[in-house]
Every structure is written in structure tokens, then in C-alpha cells.
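Trainee: Sharing a structure here in C-alpha cells format.
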Amino acid sequence: MAQGFLRDAEAALRQMKFDTAKTYVESALRVDPKNSQANVLSRRIRERELQYLNEETSIK
């Protein structure tokens, strides 16, 4: 079940739906709190979101 949530999180991340991706990761962690893949993905989501915000809010 956790793997399904993580697949959905990856798909949401590809679409830059950061909040949705985070929600799926949180669901995966509720099912499997020690899932290291979920923790890695959570970090990737945060990093990608920060990168996106920096790029989009920069004055060009």
C-alpha cells in the first residue's frame, strides 16, 4: 500500500503538485513509518519545491 502512495507522490511531483505529493508521502509514512524511500522522496519534494519557488520568484 505504501508503494502505491509513493508512486502517486512521484506522479504528483512530476506535475509540480507539491502539496499533493507531500500528502501522498505522509500517507505512505502512516502505513509504513520506517519507509526510507518515503523519507528520501519527501526531501526531494521539498528541494524541488524550493528550487521552483526560487526560479519563479526571481526577477528577470
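Trainee: Take the Cα atoms of the chain, find their three principal axes, and give me the spread along each one in whole Å, biggest first.
Mentor: 43, 18, 12
Trainee: Apply the Karplus curve 6.51 cos²θ - 1.76 cosθ + 1.60, θ = phi - 60°, to the phi angles in the stretch 23-39 and return the couplings in whole Hz, x for Gly and Pro.
Mentor: Couplings: 4, 5, 5, 4, 5, 4, 6, 5, 6, 9, x, 9, 6, 5, 4, 5, 5 Hz.
Trainee: While we're here: Testing the spin-label approximation: label points 7 Å from Cα along Cα→Cβ at GLN3 and ARG30. State their distance in nm.
Mentor: Rounded to a tenth, the inter-label distance reads 2.2 nm.
Trainee: Over the stretch 2-57, what is the mean sequence separation of C-alpha contacts under 8 Å (at least six apart), divided by residue count, expressed as relative contact order in percent?
Mentor: Values: 45 pairs, mean separation 18.8, N = 56.
The normalised contact order for the stretch 2-57 reaches 34 percent.
Every number here is computed from the coordinates shown, using simple stated rules; none is lab data. A quick note: this is a predicted structure, and the numbers were derived from the prediction, not measured. Methodologically, a virtual Cβ is constructed for each residue, glycine included, from the backbone with ideal geometry; neighbour enumeration extends over all protein chains shown.
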